[in-house]
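Written below as structure tokens is the structure these notes are about.
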Amino acid sequence: MKKFNFKKVLDGLTSSSAPPAKPETEITETLGSEHFQVSKTVRHGFPYQPTAMAYDPVQHILAIGCKSGSIRLFGRPGVDCHVMHDNDAAVLQLIFLVNEGALVSVCSDDSLHLWNLRQKRPAILHSLKYNRERITYCHLPFQSKWLYIGTERGNVHIANIESFVLSGYVINWNKAIELSQRTHPGPVVSLSDNPTDSSKLLIGFETGMIVQWDLKTKAAECRYACEQTLHSLAWHHEGKQFMCSHSDGSLTVWNYRSPSKPAQVFQPHGHPAQKGSKPEACRPIMKVAWPTQRTGDPFIVFSDGLPYERSGRRPCITVMQGKSVTVLEMEYPVVNFLPVSSTPWPNDFQDPYAIIVLLENDLVVIDLTTPGYPCFQNPYPMDLHESPVTCCTYYADCPPEMIPAFYTVGSRQQKKTGFSDKNWPVKGGEWGTSTCSYPEIIITGHADGSLKFWDASAVTLQLLYKLRTSKIFEKQPLNQSTEYEEDPFAIVKIAMCCESRILCVAGTSGHVIVYRYNKVETTVDVPTLEIALVYEVDDLDSPDTDQIPPPMQPPSSSVGSAGSGGMPSPSPHHSTSSEGAEKVGSPLLKVKSGPQKMVPGYQVDLCAQLVTVEGEPPSQILCLAINSLYGLMAFGNMQGLAIVDIIQKTTLLNLGTPDLYGSADPYTRTQPRSPQRKKPPAGLGDLGEAQAVEQERCRSPTTERDESNGVCLSPTGTTRKKLADIKRNRNQPRPRMSKAHSTASMEGNGGDDSDDMNSSLSMSWGSSVSRLFRTELIKAEAMLRRQRSSSTSSVGSQSPKVTPKCAGTDPHVASHKCPGRDSPKADSKDGSFSRSRSSSMSSLENVSAEGINCLSFTESYTRKTDPVTSPCLWVGTTLGSVLVIVLNLPPQGDQRLTQPVIVSPSGTILRLKGAILAMSFLDCNGMTIPPLFAKWEDPKKKDENRETKDGQSMNQRRGWQQLQHLHRQKAPSSPTTETISDRQFVVICSEKQAKVISLPSQTCAYKLNITETSFVCKADVVSIANSVCLACFLANGHIMTFSLPSLRPLLDSDFLPLADMRIAQTFSFSNCGQALYLCTPSEIQRITLAADTCESLQEMLCELFLPVDTPEGPKQSFFKGLFSSPSIVDKEELFGEAASGKASRSVAKHIPGTGGIEGVKAESGSAMAEVQKARMALVERGEKLSELEERTEALKVGSELYASSAHQVMEKYKNKKWYQL
């Protein structure tokens, strides 16, 4: 493979003007374009907006059609297949070719399609597109190859199911009705042939006219007139009676030979009409079924038909048998239902044992053999949308012990009563022959605050465990702030450490809950932290004022101090004024007080809540990160960043986003105050604030940039304006934080050459510094403002540049170590930025909001001069800035429980174009550096529960020992700048760009402009084929991958247009080249980027069709066959081209199908086999010719030897006499 130097800029893809540095090491990249192929694997969940259903009683396969044109096929649990029509026409009807491995779909665009189910990926064999008429109903008799097609005009056409060619035999509506009838009978709503006489076809029209058509004589034999609108027909298996359902909630029974008067008319749910009064008005019965059984009365099953006056009644299915009437209420409207029978023969006793009911949002199967008609427990993952899905997280190649752990605690939750004990009746198909070699877990967050953990290994999906986050909050009416949220418990972000099994969940009400996995039940109080994450501007007269403001006092709502026992102790409330105290409110949700019972599974360890400010709710949390070894959690929103110590249960850092820059803030920030408005709900249908911003970006994805100042304005940065932000003005003096405090002191960058910049950075973080030094910091801050103001006035319109400290460093990386040092104006392409205090400054620098969009805990180099790595937090903002925060952790043991964690700014700021989406770290070999973690321990096992002297578990102690060993191993002998070499890379991806930066030198090794006309929605560094790459999903639907660290393009696939922001919100990459997104509100679509997975996918997919013998038909009794002659019709003679001719080409157009990729592979395989045979024959012929040539050569040599010997004998004896011989 070609070797790429990690400091070489990729030609043609970057616009950096800095010369590439001489490479110190070379990294061999093993990934190529042949390793990537985008393909959909499987779809999970309930079919969204179902419209049709069919069932094969022999193959036991269920098909469901949807409004979007998709079809889902289900068999036994784990057998699930999804196919899609070429267009988005809704599926109106589905018809199985029973036990033949084929399916007919009727779509709303007046087209019919024949699907081949004898392959793992079903494909269309034939299509028939009607041109003049609209299709309303189709019927295919059992074991018949002629399909009856009813139209809106009342005509019936007949098509050959094998060739999909229309027959010339047509039943016109004017020939079906009586000559005296002057009105049109309406569209055809039902077609059904007589179970005992296939030459008789029953045609039902919408107006209530029913015609029995004799196919032989081509004439109407009987006509039945119903007074009400007709909806459906159902035959008795003997063929002597049929039943109709009507719009007034009535059922009509007709005798086959008595068309003049119905045999019975009744309203099952209506009261009988009294004398002189009208019958009770009932809702229409949309469908009726009349299955019979050998022992007992027949069943009459129908949907709806309840009286209108009974308000509040749900949709229902009614089961009547004899005098018994059972009404089964449903949660959602009924789409269709089908009785399940063991025989496909319509002229035999059906003996139904179940009813499959398709609802708008659920699939219900009723057991008819058990008293009370209980339901079967649905084994499919169709409860995915039980509550609307708001976020998804995908963990491929996770620790294998996680799935059994979740299943153990989840199996106790899934013990449901009231279900049938019979086996699931839909049992067709067969699982794939191969499975995935690594475990996969999907976590879905829902609008009701619940989380579901799914086993997604191979191509199946099984619910493992369900967690309800709302259980810790009070059920009483919430405070007034809840009016801003329709779903106050909705999950917006999920972060989990798979090794330690620590789970962090962020909700839409500004709450973050930390969970720890535990196998035993406990009873504990829920520790809580209230945080006021807000940035406030103080009103000062001028930047040059010498007046020192009074020191700030930390309010109790934002402080959590570490006591001796490591638990939070409330600090007294202080405020500079009563007005300031009134600005900070309370959380939107109230945690239950007192001990709470925690069942085995995930148990609450901490609940951190953002409080309201000035009556406005906190903005939605945008990012969430956790590190189990450090014991820290961080989250951010459009207001700022918060770092929480989950061990001591304290807030370490609570700052607004502008304060993270210190005095090196490149933006002039305005302070618009918007009136209080209601916040959009964050449910599934409503996208909320973040989604509305994404929609605005979709309308104008182009990023503008000021070339003179080099300031990048991301679409996210310019539009994501939260209602609760309290902004600051750059023309005013440096603001002070009055709502963000911390007990952990902020330290400067000791040992750095630029002490003045570090001191200024520390001053800007004064809100988090101990109160003992607050007055000195405010004085120093005021002095710095005066110096900045005087320097600005002396310079005039020329703006100071922020340049790298060391020569040769990349201008894309702005490390704030040389403040106040003038430098030549950088090229606008370099990505550096400059600030101007003059009045002619570009208005593009005026920003009002910048949020935290990405967080990453890691062990890395925080400054250019760092000789070793240290714990740190990398912070990415919505305006493209990356800041580094140093974490000074106390030693493990009792000191970790008592001493505070010190967080301090590193002074490093990196800049990209667009909002930061992903950050990952690579070692010197180009492999991902995994975050350090503390291994989960089972408290029941004594050997894993041994505590060390300092109170920490053995696994966690070993992790810290490994960390210390890593430090010693990386430390150079002489920690000078000259001896420091780059040993890490950081990969940063934004909405527009991607950069690979060498650490600790902070030089930009590679840079790539991903897109100019669109923007990246999701990005992540994933592993694939024993290597890593950067994967991106763009708003224009493209999926792109790039090699690391060279950012060489490997894949660019136009996969899926971003038609719905739901896709961008739920799209998630994972390892091994796997990804998923919520394609509909109730379905998850999984895809793969790996070519090897695509190759093995064929073996992983399920089989839908299995060779099964068709059950034998009913045996006719001797006397019935003796006295009655069965009607045997040769439909080939009736509908064939010889008898009926050809249909008009203008009626419908035949479209040949692709036959499926399987057929193409089979044909190509057979062709290749023939070529291989010919080649082998040619090789054999060549071998034989070679053998013949060798034999000829041997004969030639032998003859030459013989001639030579004969010549020698002749020469010897030619001169001798005979007597001399």
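The values are calculated or read from the model by the stated rules, or taken from the named source; none is laboratory data. Source: prediction; values computed, not measured. Neighbour counts are summed over all protein chains in view; Cβ atoms, including those assigned to glycine, are modelled from backbone coordinates with ideal geometry. Calculation scope for accessible area: heavy atoms of the full protein, side chains included, ligands and nucleic acids excluded. Shrake-Rupley method; radii C 1.70, N 1.55, O 1.52, S 1.80 Å.
Determine if segment 246-258 includes at least one residue that is open to solvent by 60 Å² or more (accessible area, probe 1.4 Å) and assigned to a loop (DSSP other than H, G, I, E, B). Working first, answer last.
In the first step, residues of segment 246-258 are kept if they are open to solvent by 60 Å² or more (accessible area, probe 1.4 Å); the result is 257.
Keeping just the survivors that are assigned to a loop (DSSP other than H, G, I, E, B) gives 257.
Yes, the conditions are met somewhere in segment 246-258.
Got at least one residue in segment 220-227 being touching a Cys at 6+ places or on another chain (Cβ under 8 Å) and small (Gly, Ala, Ser)?
Looking for residues that are touching a Cys at 6+ places or on another chain (Cβ under 8 Å) and small (Gly, Ala, Ser), one finds none in segment 220-227, hence no.
Okay, residues lined up against (1) crowded, with 18+ Cβ neighbours inside 10 Å; (2) part of a loop (DSSP other than H, G, I, E, B):
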position: Ser277; (1), (2): no, yes
position: Asp297; (1), (2): no, yes
position: Val301; (1), (2): yes, no
position: Arg313; (1), (2): no, yes
position: Ile317; (1), (2): yes, no
position: Asn336; (1), (2): yes, no
position: Pro344; (1), (2): yes, yes
position: Gln350; (1), (2): yes, yes
position: Ile366; (1), (2): yes, no
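Suppose we filter segment 1031-1060 for residues that are on the phi > 0 side of the Ramachandran plot and more than 18 Å from the chain's Cα centre (by Cα); how many remain? Reasoning before the result, please.
At the first step, the residues of segment 1031-1060 found to be on the phi > 0 side of the Ramachandran plot are 1037, 1047.
Now drop any that are not more than 18 Å from the chain's Cα centre (by Cα), which leaves 1047.
Residues flagged as on the phi > 0 side of the Ramachandran plot and more than 18 Å from the chain's Cα centre (by Cα) within segment 1031-1060 amount to 1.
Of the residues Leu1056, Leu1097, which is assigned to a helix (DSSP H, G or I) and surrounded by fewer than 22 Cβ atoms within 10 Å (Cβ to Cβ)? Explain how you work it out, then say what you get.
Details: Leu1056 fails: assigned to a helix (DSSP H, G or I).
Step by step, each of Leu1056, Leu1097 is checked, and only Leu1097 is assigned to a helix (DSSP H, G or I) and surrounded by fewer than 22 Cβ atoms within 10 Å (Cβ to Cβ).
Condition test on Gln377, is it open to solvent by 20 Å² or more (accessible area, probe 1.4 Å), within 25 Å of Ile502 (Cα to Cα) and in contact (Cβ under 8 Å) with a residue 12 or more places away in the chain? So that I can check it myself, show each step before the final result.
Values: open to solvent by 20 Å² or more (accessible area, probe 1.4 Å): yes; within 25 Å of Ile502 (Cα to Cα): no; in contact (Cβ under 8 Å) with a residue 12 or more places away in the chain: yes.
Considered against the rule, which asks whether it is open to solvent by 20 Å² or more (accessible area, probe 1.4 Å), within 25 Å of Ile502 (Cα to Cα) and in contact (Cβ under 8 Å) with a residue 12 or more places away in the chain, Gln377 comes out as no.
Among the residues of segment 81-134, what is the count of those that are closer than 26 Å to His44 by Cα, open to solvent by 30 Å² or more (accessible area, probe 1.4 Å), assigned to a loop (DSSP other than H, G, I, E, B) and in contact (Cβ under 8 Å) with a residue 40 or more places away in the chain?
3
Check whether at least one residue in segment 629-638 is at pLDDT 90 or above, closer than 30 Å to Gln413 by Cβ and surrounded by fewer than 24 Cβ atoms within 10 Å (Cβ to Cβ), and report yes or no.
Pass one, segment 629-638, residues at pLDDT 90 or above: 629-638.
Retained after the next criterion (residues that are closer than 30 Å to Gln413 by Cβ): 631, 633, 635.
Filter again for surrounded by fewer than 24 Cβ atoms within 10 Å (Cβ to Cβ), leaving 631.
Within segment 629-638, one or more residues are at pLDDT 90 or above, closer than 30 Å to Gln413 by Cβ and surrounded by fewer than 24 Cβ atoms within 10 Å (Cβ to Cβ).
With the structure loaded, tell me whether Ala405 is within 25 Å of Arg1086 (Cα to Cα), touching an Asp or Glu at 6+ places or on another chain (Cβ under 6 Å) and crowded, with 18+ Cβ neighbours inside 10 Å or whether it fails that test. First the steps, then the outcome.
Values: within 25 Å of Arg1086 (Cα to Cα): yes; touching an Asp or Glu at 6+ places or on another chain (Cβ under 6 Å): no; crowded, with 18+ Cβ neighbours inside 10 Å: yes.
No; evaluated as a whole, the condition is false for this residue.
What number of residues within segment 1010-1020 satisfy the criterion of being open to solvent by less than 40 Å² (accessible area, probe 1.4 Å) and part of a strand (DSSP E or B)? Please lay out each step first, then the result.
Going residue by residue through segment 1010-1020, those that are open to solvent by less than 40 Å² (accessible area, probe 1.4 Å) are 1010-1011, 1014-1017, 1019.
Then drop every residue that is not part of a strand (DSSP E or B), which leaves 1016-1017, 1019.
The total comes to 3.
If you take the residues of segment 393-420 that are farther than 19 Å from Leu363 by Cβ and either of a type in the set (Lys, Arg) or over 24 Å from the mean Cα position of the chain (by Cα) (or both), which of them is modelled with the lowest pLDDT? Before you say what the answer is, go through the steps one by one.
Going residue by residue through segment 393-420, those that are farther than 19 Å from Leu363 by Cβ are 393-413, 415, 417.
Filter again for either of a type in the set (Lys, Arg) or over 24 Å from the mean Cα position of the chain (by Cα) (or both), leaving 408-409, 411-413, 415, 417.
Working: Thr408: 90, Val409: 91, Ser411: 87, Arg412: 82, Gln413: 77, Lys415: 69, Thr417: 80.
Restricting to residues being farther than 19 Å from Leu363 by Cβ and either of a type in the set (Lys, Arg) or over 24 Å from the mean Cα position of the chain (by Cα) (or both), the top hit is Lys415.
Sort out which residues of segment 436-466 are modelled with pLDDT of 90 or more, touching a strand residue (DSSP E or B) at 6+ places or on another chain (Cβ under 7 Å) and open to solvent by 10 Å² or more (accessible area, probe 1.4 Å), and write them in order of number.
Start the filter on segment 436-466 by keeping residues that are modelled with pLDDT of 90 or more, which leaves 439-456, 461-466.
This time we only want the ones that are touching a strand residue (DSSP E or B) at 6+ places or on another chain (Cβ under 7 Å), so: 440-447, 449-456, 461-466.
Within segment 436-466, Asp455, Leu461, Gln462, Leu463, Lys466 qualify.
Working only within segment 155-188, note down all residues that are part of a strand (DSSP E or B), surrounded by fewer than 19 Cβ atoms within 10 Å (Cβ to Cβ) and touching a His at 6+ places or on another chain (Cβ under 9 Å).
Val165, Val170
Can you name every residue in segment 209-245 that is in contact with a Ser or Thr (Cβ under 6 Å, 6 or more places away or on another chain), among the aliphatic types (A, V, I, L, M) and in a strand (DSSP E or B)?
Matches in segment 209-245: Leu233 only.
Quick one: would you say His271 is assigned to a loop (DSSP other than H, G, I, E, B), out of contact with any Leu (no Cβ under 6 Å at 6 or more places or on another chain) and free of Cβ contacts under 8 Å to residues at least 40 places away in the same chain? Let's see the steps before the verdict.
Working: assigned to a loop (DSSP other than H, G, I, E, B): yes; out of contact with any Leu (no Cβ under 6 Å at 6 or more places or on another chain): yes; free of Cβ contacts under 8 Å to residues at least 40 places away in the same chain: yes.
When the stated conditions are applied, His271 passes them.
Got a sec? Which of Ser420, Ser411 is of a type in the set (Ser, Thr, Tyr), out of contact with any helix residue (DSSP H, G or I) (no Cβ under 8 Å at 6 or more places or on another chain) and open to solvent by 30 Å² or more (accessible area, probe 1.4 Å)? Talk me through it step by step, then tell me what you get.
Numbers: Ser420 fails: open to solvent by 30 Å² or more (accessible area, probe 1.4 Å).
So the residue among Ser420, Ser411 that is of a type in the set (Ser, Thr, Tyr), out of contact with any helix residue (DSSP H, G or I) (no Cβ under 8 Å at 6 or more places or on another chain) and open to solvent by 30 Å² or more (accessible area, probe 1.4 Å) is Ser411.
Quick one: Ile980 ticks every box in (1) at pLDDT 70 or above; (2) of a type in the set (A, V, I, L, M, F, W, C); (3) over 30 Å from Lys519 (Cα atoms); (4) open to solvent by less than 50 Å² (accessible area, probe 1.4 Å) bar one, so which box is it?
Result: Ile980 passes all but (1).
Identify, please: which residue in segment 136-154 is open to solvent by 10 Å² or more (accessible area, probe 1.4 Å) and part of a strand (DSSP E or B) and is, among those, farthest from Pro195 (Cα to Cα)?
Thr136
From the set of residues in segment 597-615 that are over 30 Å from the mean Cα position of the chain (by Cα) and open to solvent by 20 Å² or more (accessible area, probe 1.4 Å), which is farthest from Phe406 (Cα to Cα)?
Glu614
From the residues in segment 1143-1182 that are modelled with pLDDT of 75 or more and open to solvent by 100 Å² or more (accessible area, probe 1.4 Å), which one is farthest from Trp115 (Cα to Cα)? Even if it seems obvious, please write down each step before you answer.
First, pick out the residues of segment 1143-1182 that are modelled with pLDDT of 75 or more: 1143-1154, 1178, 1181-1182.
With open to solvent by 100 Å² or more (accessible area, probe 1.4 Å) added as a condition, the list becomes 1145, 1149, 1154, 1178, 1181.
Working: Arg1145: 23, Lys1149: 17, Thr1154: 10, Leu1178: 41, Arg1181: 45 Å.
Taking the candidates together, the pick is Arg1181.
When only residues in segment 58-80 that are outside any loop (DSSP other than H, G, I, E, B) and among the charged types (D, E, K, R) count, which is most open to solvent (accessible area, probe 1.4 Å)?
Among them, the one singled out is Asp80.
So which residues in segment 1016-1056 are free of Cβ contacts under 8 Å to residues at least 60 places away in the same chain and acidic (Asp, Glu)?
Those that are free of Cβ contacts under 8 Å to residues at least 60 places away in the same chain and acidic (Asp, Glu): Asp1052, Asp1054.
Take the residues in segment 616-627 that are open to solvent by 10 Å² or more (accessible area, probe 1.4 Å) and assigned to a loop (DSSP other than H, G, I, E, B); name whichever of them is modelled with the lowest pLDDT.
Pro617
Go through segment 646-686 and report how many residues are of a type in the set (S, T, N, Q), at pLDDT 80 or above and either assigned to a strand (DSSP E or B) or open to solvent by 20 Å² or more (accessible area, probe 1.4 Å) (or both).
3
Could you tell me which residue of segment 1021-1051 is surrounded by the fewest Cβ atoms within 10 Å (Cβ to Cβ), considering only residues that are over 21 Å from Tyr395 (Cβ atoms) and among the hydroxyl-bearing types (Ser, Thr, Tyr)?
Ser1046
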